[in-house]
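J.: Structure provided below as structure tokens; questions to follow.
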Amino acid sequence: GVHGVRLESGPAPVPGPVALVLQDVTEARRVEEVRRDFVANVGHELKTPVGALALLAEAVQDAADDPETVQRFAARMSHEADRLARLVRELIDLSRLQGGDPLPELAPVDVDTVLHEAADRTGLAAAAKRIDLVVGGEQGLVVRGVEAQLTTAVTNLLANAVHYSPEGTRIAVAARARSGFAEIAVTDSGIGIPREDRSRVFERFYRVDQSRASSTGGTGLGLAIVKHVASNHGGSVTVWSEEGLGSTFTLRIPLAGSPGTEPAPAGAPD
Ligand code: ADP
């Protein structure tokens, strides 16, 4: 009876507290690795525009007596400076969203306002490509959130839709209520995302086509920001896409007044 049981019980399990400490060490090591990769990536991403600016500054000096060339190089410097500014701004956004700052108080946010503000912010870029940007869906939806963050998230999705769509196409952004959430869908008829990349596009600095993306000025941070906004709100973001046909990104945010949708604490490592 009793003796048999003891023989069969095998090695004693690691007592709870020790197991927890081991787990904490592993987790701490993983967090440290992610942090180190991130710093290396940031360094790499900063090197490109800074290097370009240095070269262009030299070229401007060499061309001092040719006003036309000076103009041309100056325009490119301003382009590189814009890119650098955007990268720094997105890095700051991302670090705040990742839990550097406590999440501001969630308040009722009107979804229509968010969609129209985001559409306004991307209107110029869309017009430059003769893209028809259509805002639609259910009216009067109210979510619990931080308006500025939600506007940034939808703006990032729309900016990508414009960026990765050919001229003269149509982009739709629409919201609807679905089981306690507002579903905000951004649909384009652009180049689409290959299957093998779909699950990774939300990672920081991940781009489907490195060379194409960096030449067109993407930072690789836009969707990472959207993902953090979604999780800070207790929501989610997913993508449907078909290469050559287009993509739909769907952001789900808890409707105001819906129970059981407490947001995840900010700062959880991903
Ligand atoms: P980026 O600044 O490079 O656009 P994002 O994080 O916003 O960075 O997006 C990551 C990658 O996902 C992009 O480089 C692009 O390859 C792909 N992507 C994002 N949105 C779309 C879209 N609407 N259509 C096609 N590809 C997209």
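Each value in this text was obtained by applying a stated rule to the coordinates, not by laboratory testing. These numbers come from a predicted model, not from an experiment. Cβ coordinates were reconstructed from backbone atoms using ideal geometry, including for glycine residues, and neighbour counts include every protein chain displayed.
J.: Identify all residues within the stretch 109-154 that are without any contact (Cβ under 8 Å) to a residue 24 or more places away in the chain and small (Gly, Ala, Ser); write none if there are none.
T.: 123, 127, 128, 148, listed by residue number.
J.: Kindly provide the set of residues from the stretch 147-176 that are acidic (Asp, Glu) and either over 17 Å from the mean Cα position of the chain (by Cα) or within 16 Å of residue 192 (Cα to Cα) (or both), ordered by number.
T.: Passing the criteria: only 167.
J.: Within the stretch 147-172, restricting attention to residues that are more than 15 Å from residue 119 (Cβ to Cβ) and buried (at least 19 other Cβ atoms within 10 Å of the Cβ), which residue is nearest to the ligand (Cβ to nearest atom)?
T.: 164
J.: Which condition breaks for residue 197 when tested against (1) within 27 Å of residue 82 (Cα to Cα); (2) within 13 Å of the ligand (Cβ to nearest atom)?
T.: It is condition (1) that residue 197 fails.
J.: Between 191, 184, which is under 18 Å from residue 230 (Cβ atoms), within 16 Å of the ligand (Cβ to nearest atom), surrounded by 14 or more Cβ atoms within 10 Å (Cβ to Cβ) and aliphatic (A, V, I, L, M)?
T.: Every option except 184 fails the conditions.
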